[in-house]
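**Student:** A single structure is presented below for examination.
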Amino acid sequence: MARSNIIVVGGGIAGAMTALHLQRRGEQVTLIDRWEPGHSRAASTDYNRVIRAISGRDEFYTRWARESRARWLELMAETGQRLMYECGALILATEGHCDWEDATSETFDRVGVPYYRFAPEEIRNRFPQFKVDEIKYALFEPEAGLLMAHRCVITTIDLFRKSGGIVKRGTVNTDGSERPMLDGLPLEADTIIIATGAWMAEMFPRTIKPISAIMGINVLYTSTPDGSDAFDMENMPCWIDHGQGSFGIPSSEGSGVKAAVVIPNTPIDINNDERLIERQSMNKTRQYIRHRLPGLIGERVVDSKFNQVILTPDTHFIVDWHPEHENVLLAGGCSGHLFKHGPVFGDFVAGVACRDYGTAERFKISGRRKLTPKESPSGR
């Protein structure tokens with residue numbers, strides 16, 4: 001069988017994993033990005049990301065997350081790189097707002113995901129770092145944890161190169177018909193896969209922009225207390241705190257404790273804004289730390305990140321062919337939960353690109369609608 005000439009645009013985790021899977025299928029793949037792989041503007045940057053199976057009532061993403069966990073472990077064994085730490089994830093269910101967590105318990109039971117349910121007193125005994133006065137209960141997923149995000153991207157790109165893939169620097173735009181263009185000329189390939197994250201909305205103003213929104217995410221890293229390892233990943237899990245619109249990661253490899261408070265509709269100009277954390281967000285995150293992690297009161301902020309996510313109305317990913325250009329496949333719509341699915345997402349996109357199967361109904365461009373937090377796999 002003749003090898004296809006395939007171009008993947010975008011070197012974040014979605015594009016890198018797609019390119020790697022296609023190259024390992026025997027295709028000839030070129031990966032194009034505007035900047036160096038792992039660059040700090042990408043949504044796939046930052047030190048670490050949470051990997052967990054919790055997806056409310058959505059069994060699809062729960063199974064994908066479990067499969068991705070296994071594949072991350074395989075990649076770690078293959079490369080000798082420390083890509084993942086299984087420190088567990090604690091899902092805090094706020095009194096009166098537990099629909100997502102209640103649904104997750106039922107899904108975990110059906111799928112067979114290991115978990116524990118802790119009452120507030122059990123949380124205090126096992127994880128005294130957390131103040132849980134208004135928490136009804138918590139789900140603890142012991143096989144969850146964190147991915148070393150930047151290392152994951154760089155390692156995937158390295159595997160792609162070693163498999164014979166080509167990495168090039170260049171800026172891909174689109175013309176009036178949304179045809180991909182490089183240096184003023186149409187991109188020529190059997191298949192072109194666009195995995196440019198938040199830039200996909202800008203590149204496809206008619207096709208993707210109407211079903212997406214770009215939101216900035218502010219993240220603080222706070223120093224751990226002198227002489228204490230209580231907030232290190234060996235003793236503290238990742239956590240998700242929907243009642244406070246927050247999530248976080250314990251100190252990993254000396255990073256400090258990561259905490260983010262998601263402020264809805266935080267705008268970001270992805271081309272012109274400097275990646276500096278906003279004072280409003282810094283103050284709100286510090287308030288959250290005082291509320292939930294009192295042992296960090298008075299500790300200094302040691303690092304910060306300001307990044308972006310592209311949100312779809314239903315928080316489902318996008319994997320679909322362009323309605324006018326039959327060789328252009330759009331892959332992304334991260335909605336803040338794609339990174340952990342990277343290995344399975346890339347494999348799936350590769351299969352769609354090779355026409356081995358069609359895309360999933362939930363990933364199609366058409367038919368998008370806003371989901372309630374109770375329905376949404378992300379709980380948003």
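The values are calculated or read from the model by the stated rules, or taken from the named source; none is laboratory data. All values reported here derive from a predicted model rather than from experimental measurement. For neighbour counting, all protein chains shown are included, and Cβ atoms are generated from backbone atoms with ideal geometry for every residue, glycine included.
**Student:** Can you tell me which residue is farthest from the chain's Cα centre (by Cα) among those in the range 1-50 that are acidic (Asp, Glu) and either surrounded by 21 or more Cβ atoms within 10 Å (Cβ to Cβ) or at pLDDT 95 or above (or both)?
**Tutor:** Restricting attention to the range 1-50, the residues satisfying the condition of being acidic (Asp, Glu) are 27, 33, 36, 46.
Filter once more, keeping what is either surrounded by 21 or more Cβ atoms within 10 Å (Cβ to Cβ) or at pLDDT 95 or above (or both): 27, 33, 46.
Working: Glu27: 26, Asp33: 19, Asp46: 11 Å.
This residue is Glu27.
**Student:** Here's a follow-up. Please give the number of the condition Phe140 fails out of (1) crowded, with 16+ Cβ neighbours inside 10 Å; (2) of a type outside the set (A, V, I, L, M); (3) closer than 25 Å to His316 by Cβ.
**Tutor:** (3)
**Student:** Quick check: is even one residue across the range 111-122 hydroxyl-bearing (Ser, Thr, Tyr), modelled with pLDDT under 95 and either within 25 Å of Ser335 (Cα to Cα) or in contact with a helix residue (DSSP H, G or I) (Cβ under 9 Å, 6 or more places away or on another chain) (or both)?
**Tutor:** Step one: list which residues in the range 111-122 are hydroxyl-bearing (Ser, Thr, Tyr), which gives 115-116.
Narrowing the set further to residues that are modelled with pLDDT under 95 leaves none.
The answer is no; no qualifying residue exists.
**Student:** With the requirement that a residue be in a strand (DSSP E or B) and crowded, with 23+ Cβ neighbours inside 10 Å, what does the range 313-327 give you? First the steps, then the outcome.
**Tutor:** First, pick out the residues of the range 313-327 that are in a strand (DSSP E or B): 318-321.
Selection gives Ile318, Val319.
**Student:** Moving on to the next point. Output the residue which, of all residues in the range 169-223 that are in contact with a strand residue (DSSP E or B) (Cβ under 8 Å, 6 or more places away or on another chain), polar (S, T, N, Q) and part of a loop (DSSP other than H, G, I, E, B), is nearest to Gln280 (Cα to Cα).
**Tutor:** Ser223
**Student:** Take Gly298 and decide whether it is assigned to a loop (DSSP other than H, G, I, E, B), small (Gly, Ala, Ser) and closer than 20 Å to Ile214 by Cα.
**Tutor:** Working: assigned to a loop (DSSP other than H, G, I, E, B): yes; small (Gly, Ala, Ser): yes; closer than 20 Å to Ile214 by Cα: no.
For Gly298, the condition - assigned to a loop (DSSP other than H, G, I, E, B), small (Gly, Ala, Ser) and closer than 20 Å to Ile214 by Cα - is not met.
**Student:** Let me ask you something else. Answer yes if at least one residue in the range 224-246 is touching a Gly at 6+ places or on another chain (Cβ under 6 Å), within 26 Å of Ser378 (Cα to Cα) and in a helix (DSSP H, G or I), and no otherwise.
**Tutor:** Yes, there is a match, as at least one residue in the range 224-246 is touching a Gly at 6+ places or on another chain (Cβ under 6 Å), within 26 Å of Ser378 (Cα to Cα) and in a helix (DSSP H, G or I).
**Student:** Looking at (1) assigned by TED's automatic domain parsing to the domain that holds Ile135; (2) at negative phi, which is the one condition that is false for Gly358?
**Tutor:** (1)
**Student:** Name the single residue that is surrounded by the most Cβ atoms within 10 Å (Cβ to Cβ) among those in the range 354-363 being touching a residue at least 40 places away in the same chain (Cβ under 8 Å) and more than 9 Å from His316 (Cβ to Cβ).
**Tutor:** Checked the range 354-363; the qualifying residue surrounded by the most Cβ atoms within 10 Å (Cβ to Cβ) is Thr359.
**Student:** Given the conditions (1) touching a residue at least 60 places away in the same chain (Cβ under 8 Å); (2) surrounded by 15 or more Cβ atoms within 10 Å (Cβ to Cβ); (3) not assigned by TED's automatic domain parsing to the domain that holds Arg275, which single one is not true for Pro373?
**Tutor:** Checking Pro373 against (1) touching a residue at least 60 places away in the same chain (Cβ under 8 Å); (2) surrounded by 15 or more Cβ atoms within 10 Å (Cβ to Cβ); (3) not assigned by TED's automatic domain parsing to the domain that holds Arg275, the one that fails is (2).
**Student:** On to the next question. Among Arg124, Arg117, which is outside any strand (DSSP E or B), surrounded by fewer than 23 Cβ atoms within 10 Å (Cβ to Cβ) and without any contact (Cβ under 8 Å) to a residue 24 or more places away in the chain? Spell out how you get there, then give the answer.
**Tutor:** Working: Arg117 fails: outside any strand (DSSP E or B).
The unique qualifying residue is Arg124.
**Student:** Still on this model: How many residues does the range 84-100 hold that are at positive phi and surrounded by 22 or more Cβ atoms within 10 Å (Cβ to Cβ)? Even if it seems obvious, please write down each step before you answer.
**Tutor:** So the first thing to find is which residues in the range 84-100 are at positive phi, and the list is 88, 96.
Those still in the list that are surrounded by 22 or more Cβ atoms within 10 Å (Cβ to Cβ) too: 88.
Qualifying residue count, the range 84-100: 1.
**Student:** So which strands (runs of 3 or more DSSP E) stay within the range 1-91 end to end and still have 1 or more residues that are within 18 Å of Tyr115 (Cα to Cα)?
**Tutor:** On the way: elements: 5-9, 28-33, 49-51.
Of the strands (runs of 3 or more DSSP E) lying wholly inside the range 1-91, those with at least 1 residues that are within 18 Å of Tyr115 (Cα to Cα) span 49-51.
**Student:** Now, a different point. Condition first: farther than 30 Å from Lys131 by Cα, in contact with a His (Cβ under 7 Å, 6 or more places away or on another chain), small (Gly, Ala, Ser) and assigned to a helix (DSSP H, G or I). Can you find one or more residues in the range 342-351 that meet it? So that I can check it myself, show each step before the final result.
**Tutor:** Step one: filter the range 342-351 for residues farther than 30 Å from Lys131 by Cα, giving 342-351.
Keeping just the survivors that are in contact with a His (Cβ under 7 Å, 6 or more places away or on another chain) gives 346-347, 350.
The next check asks that each one be small (Gly, Ala, Ser); those that pass are 346, 350.
Of the ones still in play, those that are also assigned to a helix (DSSP H, G or I) are 346, 350.
Yes: the range 342-351 contains one or more residues that are farther than 30 Å from Lys131 by Cα, in contact with a His (Cβ under 7 Å, 6 or more places away or on another chain), small (Gly, Ala, Ser) and assigned to a helix (DSSP H, G or I).
**Student:** So Trp100 clears everything in (1) closer than 30 Å to Val29 by Cβ; (2) in contact with a His (Cβ under 7 Å, 6 or more places away or on another chain); (3) not charged (D, E, K, R) except one condition, right? Which one?
**Tutor:** The failed condition is (1).
**Student:** Related question: Based on what the data block shows, is Ala103 farther than 28 Å from Ser255 by Cβ, surrounded by 19 or more Cβ atoms within 10 Å (Cβ to Cβ), under 25 Å from the mean Cα position of the chain (by Cα) and touching a residue at least 24 places away in the same chain (Cβ under 8 Å)?
**Tutor:** Details: farther than 28 Å from Ser255 by Cβ: yes; surrounded by 19 or more Cβ atoms within 10 Å (Cβ to Cβ): yes; under 25 Å from the mean Cα position of the chain (by Cα): yes; touching a residue at least 24 places away in the same chain (Cβ under 8 Å): yes.
For Ala103, the condition - farther than 28 Å from Ser255 by Cβ, surrounded by 19 or more Cβ atoms within 10 Å (Cβ to Cβ), under 25 Å from the mean Cα position of the chain (by Cα) and touching a residue at least 24 places away in the same chain (Cβ under 8 Å) - is met.
For (1) touching a residue at least 12 places away in the same chain (Cβ under 8 Å); (2) over 28 Å from Gly216 (Cα atoms); (3) aliphatic (A, V, I, L, M), each residue gets a yes or a no:
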{"site": "Thr45", "(1), (2), (3)": "yes, no, no"}
{"site": "Ala53", "(1), (2), (3)": "yes, no, yes"}
{"site": "Glu67", "(1), (2), (3)": "yes, yes, no"}
{"site": "Trp72", "(1), (2), (3)": "yes, no, no"}
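**Student:** Within the range 252-266, is there a residue that is of a type outside the set (Lys, Arg), in a strand (DSSP E or B) and either over 22 Å from Leu92 (Cα atoms) or without any contact (Cβ under 8 Å) to a residue 24 or more places away in the chain (or both)? Please lay out each step first, then the result.
**Tutor:** To start, the set of residues in the range 252-266 that are of a type outside the set (Lys, Arg) comprises 252-257, 259-266.
Now restrict to residues that are in a strand (DSSP E or B): 257, 259-261.
Filter once more, so that each one left must be either over 22 Å from Leu92 (Cα atoms) or without any contact (Cβ under 8 Å) to a residue 24 or more places away in the chain (or both): none.
No, every residue in the range 252-266 fails to be of a type outside the set (Lys, Arg), in a strand (DSSP E or B) and either over 22 Å from Leu92 (Cα atoms) or without any contact (Cβ under 8 Å) to a residue 24 or more places away in the chain (or both).
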